[in-house]
Every structure is written in structure tokens, then in C-alpha cells.
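Novice: Have a look at this one before I ask anything.
The values are calculated or read from the model by the stated rules, or taken from the named source; none is laboratory data. Keep in mind it's a predicted model, so treat the numbers as computed, not measured. Reconstructed Cβ throughout: ideal geometry from the backbone, glycine too, with neighbour counts over all protein chains shown. Quick note on the areas: whole protein, heavy atoms, side chains included, nothing else; ligands and nucleic acids left out. Shrake-Rupley method; radii C 1.70, N 1.55, O 1.52, S 1.80 Å.
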Amino acid sequence: MKLGRSFEITFAHAESLILAAAHATATGHCLNRFITIIFKHPDERIRTQEALQKFIKLASDWLRYNDAPVAYIWVIENPVGVDEHVHILIHVPHNMAARLSRLTRTWIRRTGAEVCKGVARSEPIVSFDGLMGLLRYLLKGCSPEAAAMFRIRQKPQGWVTGKRCGMSQSLGATARARDNGVVAPHERPCSTKSSDGSGRNT
């Protein structure tokens, strides 16, 4: 099956990610960790999305094992002159943050990717303002319409094959509709897609 390609985050997807981040905060699961990963595989046929799916499953299983909620959003970027990479905003209980930092490289290795200097960065998000700033940063590759509406400084982030952004099922439209009724017009039942098992993808 031939995968689609996109050059930008659409208005609808940007709106969904913003609502997802707000929902995480409203439910007490603030996205308090910012992770950036470059998945470098010896086999160049392995796509970033495949490695990301494996990484997210490992992280999610670890969180569930420790009775922690699973809440995250992610964006893939492929700007000219820079390796394709993924940004993840995720909720991690404070008492588990140090362990997450140590496990990150282990999980990257388990995806089959190379682990070397500069492939991963993980840092805390200490305030809601900081989260909003990082969210705008993740959305910089959005459409001009989204940039104007959400006051984002747009900067093209290249072509991406397959999904270029997504979120955990806990932050998707179904969860938001159930918890507080906050969904975008395009997310209402007639147009909401089901989860693919690794999380609600946009």
C-alpha cells in the first residue's frame, strides 16, 4: 500500500493537538516532558513512524506497569538539511522522570535504531507557559491557516511520508468527548477515525 505524503500539519490536525494538550492539563496529566529523537537505522527502509510506534509502545507499557497514565502527543519533522526526527510531549510522574531519561536510549536501541551522541534529548517542562511555547514549536510546520489562527510562527518542516503527527488514545476526540465534551467540528462522531492500537493518530 502506497503511503501518502504531506508537507504541513493541517489546520484540523493542529487544532486536535492543541485540544489534546489542553485536555491533558485539565485532567491532571500535564505533558511535562519534552523528548526529541532521531531514529537512525542501518536499514534505511525502516521509517521513522515504525520506530516511533515501537518506542511509544515501550514507553506506554512502562507507564502502565507503574500505574501511571499514558498521555502524549508527537510530531515528525523532516526539514531540509536536518535528519528526520520526532518531537514528543508526554506526561511522566515526577518520581519517574529520572528513570525515563535512563530508559530512553534503551528503548531507542530496542527499536533497532543506532544509539550515538545527539540522537536523543529529554528535558522537563516546568510550567504551563513552557508547555504552550513548546506546543507552538511542535506546530511550526503547520499550514498558513493554522499559523494565523493559533498565532504560530510558521517554518516549513519538509515532506513526511505517512502520519506526521498523533496523540495517545487518552487525549483523542472520544476521550475528550466523554470527559468534558471538548472536540473540534471535524472530530465529531461522523468523522472521527478509530485508534490504530498504538494511540489516537491524526
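Novice: Can you list residues whose amide H is under 5 Å from C165's amide H, if they're 5+ apart or on another chain and H is modeled 1.01 Å from N?
Specialist: It is I76, T202, by chain and number.
Novice: Right, next: Please report the carbon-and-sulfur percent of the accessible area for segment 1-153; probe 1.4 Å, protein heavy atoms only, DNA, RNA and ligands left out.
Specialist: On the way: 4330 of 8030 Å².
About 54 percent, which is the carbon plus sulfur part of the accessible surface.
Novice: Quote the relative contact order of the chain in percent (integer), defining contacts as alpha-carbon pairs under 8 Å separated by 6+ residues. Don't skip to the answer; put the middle values down first.
Specialist: Values: 325 pairs, mean separation 68.3, N = 202.
Computed over the chain, the figure is 34 percent.
Novice: Accessible area per residue of the chain at 1.4 Å probe, in Å²?
Specialist: The answer is 53 Å² per residue.
Novice: Projecting each Cα onto the charge dipole of the chain (Lys/Arg +1, Asp/Glu -1 at the beta carbon, about the Cα centre), which of H29, S101, Y137 comes out farthest on the positive side?
Specialist: Positive-end residue among those listed: S101.
Novice: Filter the cross-link list K40/K163; K54/K163; K57/K155 down to pairs whose alpha-carbon distance in this structure exceeds 25 Å.
Specialist: K57/K155
Novice: I want the local charge near V86. Using Cβ-Cβ distances under 10 Å, sum +1 for each Lys or Arg and -1 for each Asp or Glu among the other residues.
Specialist: For residues surrounding V86, the net value is -1.
Novice: If amide H atoms are built 1.01 Å from N in the plane of the peptide, which residues on other chains or at least 5 residues away come under 5 Å of the amide H of L31?
Specialist: T25
Novice: Let me ask you something else. Between A175, A14, A148, find the one with the highest GNM mean-square fluctuation for the chain; connect C-alpha pairs within less than 10 Å.
Specialist: A148
Novice: Right, another one. Out of segment 12-78, which GluC sites (Glu not before Pro) are coil in DSSP terms and have no more than 16 other C-beta atoms within 10 Å?
Specialist: Working: sites: E15, E44, E50, E77; in loops: E44.
Listed in order of number, the matching sites are E44.
Novice: Another question about this same structure. Quote the charge dipole size of segment 47-195 about the Cα centre in Debye, to the nearest 20; the model charges only the Cβ of Lys and Arg (+1) and of Asp and Glu (-1). Can you show the working numbers first?
Specialist: Details: 22 positive and 12 negative charges, 32 e Å.
So the magnitude is around 160 debye.
Novice: Now a separate question. Per DSSP helix of 4 or more residues, -39500 (n - 2.57); summed, then divided by the residues of the chain. What does that give at 222 nm, rounded to the nearest 500?
Specialist: -11500 deg cm²/dmol
Novice: Still on this structure: Along Cα→Cβ, 7 Å out, is where each label goes; now give me the distance between the ones at D67 and E50 in nm to one decimal.
Specialist: According to this spin-label approximation, the distance is 3.8 nm.
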